[in-house]
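Here the structure comes first, spelled out in C-alpha cells, and everything after it is commentary.
Each reported figure results from applying straightforward, stated rules to the coordinates on display, with no laboratory input. As the structure is a prediction and not an experimental result, all values here were calculated from the model. Here the Cβ is made from the backbone with ideal geometry for all residues, glycine too, and neighbour counts use every protein chain on show.
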Amino acid sequence: NAGVTQTPKFQVLKTGQSMTLQCAQDMNHNSMYWYRQDPGMGLRLIYYSASEGTTDKGEVPNGYNVSRLNKREFSLRLESAAPSQTSVYFCASSDWGSSKNIQYFGAGTRLSVL
Amino acid sequence: AQSVTQLDSHVSVSEGTPVLLRCNYSSSYSPSLFWYVQHPNKGLQLLLKYTSAATLVKGINGFEAEFKKSETSFHLTKPSAHMSDAAEYFCVVSSYNFNKFYFGSGTKLNVKP
C-alpha cells in the first residue's frame, strides 16, 4: 500500500533552472495538494486540486505551476527556480466529506536552489 | 476565515511527565480540527481529528485532544511522554467544504531522558 509517492526525494538546482516534482496517490482520492515547509512557518499551501480537471491557487502560488494529469497524479513545476524556493515540498491527498477529510502525505522532496 | 495559532514553538519535557501542546483556532463555522506529527526528515502522520462528535478525541500513541468551543482551543495532551514522542506537531483546521487545510506554525517537542 504505497499511499502518496513523491519523486524525487532530493534535488539541487541552479538559479533559473526548471524542474517538475511528481506526485501520485493510489487511494482514489479526489483532492490533492502541494505544500512547502519552511522553518518556523508550518506548511503553506501552494496549489490544490479539489477534483480531476480543476486546480486553484493556495497561499503562496507565485513561481509555481501545477497540472492535475489524472485522478492519481498532480505535478508541481518550477519554471525558473530561485533561491527563495529552497524548501521541503510535500504532496498530500484527501477525500471529500467530514468522515473522510484526512490528508495523507508523501515523504517530501528536499529542494535546494543555489 | 480559518486560522490556527500554536502558542509554543518549542516544548521540553522529561520522559514520563505529561505533555501539553497548545492550539487556538479561529473559524467562522463549526470546524474540523486535526493534529499531525512529523518525525525528523519524515512526512506528516495524522494523530487525531475532531469533526463535531465527542469533544474529547483519542488518537494514536496515547495522545488525546479536547475541543473547547468557548475557549476556541484544541490542546493536545499525553499523560506520560516517551522518548519516541520527540517530533514536531502541527495543529490544523479545515475549510467548510473540506477542500483546504490551514496549518499552525508547529511545536517542536523535546523529550529529555
What distance in nm separates the two pseudo spin-label positions at A:Asn62 and A:Met27, each 7 Å out from Cα along the beta-carbon direction? 3.3 nm
Subtract the Cα-Cα distance of B:Leu20 and B:Lys42 from 0.36 nm times their separation in residues, and report this length gain in nm to one decimal. 5.7 nm
Once amide H atoms are placed 1.01 Å from N in the peptide plane, what residues at a sequence separation of 5 or more from A:Glu59, or on another chain, have their amide H within under 5 Å of its amide H? A:Leu45, A:Ile46
Do you know the Lys pair count in the protein assembly as shown for C-alpha distances under 19 Å, with sequence separation 8 or more or different chains? 20
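What number, in percent, do you get for the relative contact order of chain A if the mean sequence gap of Cα pairs under 8 Å and at least 6 apart is divided by its residue count? Please report the intermediate quantities before stating the final value.
Numbers: 293 pairs, mean separation 39.8, N = 114.
That works out to 35 percent.
For B:Gly62, what is the net charge nearby, where nearby means another residue's Cβ is under 11 Å from its Cβ and Lys, Arg count +1, Asp, Glu -1? Can you show the working numbers first?
Working: positive: B:Lys58, B:Lys78; negative: B:Glu64, B:Asp85.
That works out to 0.
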Just want the ordering: A:Ile102, A:Ile46, from fewest to most Cβ atoms lying within 10 Å of their own Cβ. A:Ile102, A:Ile46
For an R0 of 22 angstrom, estimate the FRET efficiency from the Cβ-Cβ distance between B:Ser30 and A:Trp96 and round to the nearest 0.05. 0.80
log10 I(q)/I(0) for the range B:37-113, Debye formula on C-alpha points only (no solvent), q = 0.21, 0.22 Å⁻¹, two decimals, reads -1.08, -1.17
Quick check on the exposure proxy: order A:Trp34, A:Trp96, B:Trp35 from fewest to most C-beta atoms within 10 angstrom. A:Trp96, B:Trp35, A:Trp34
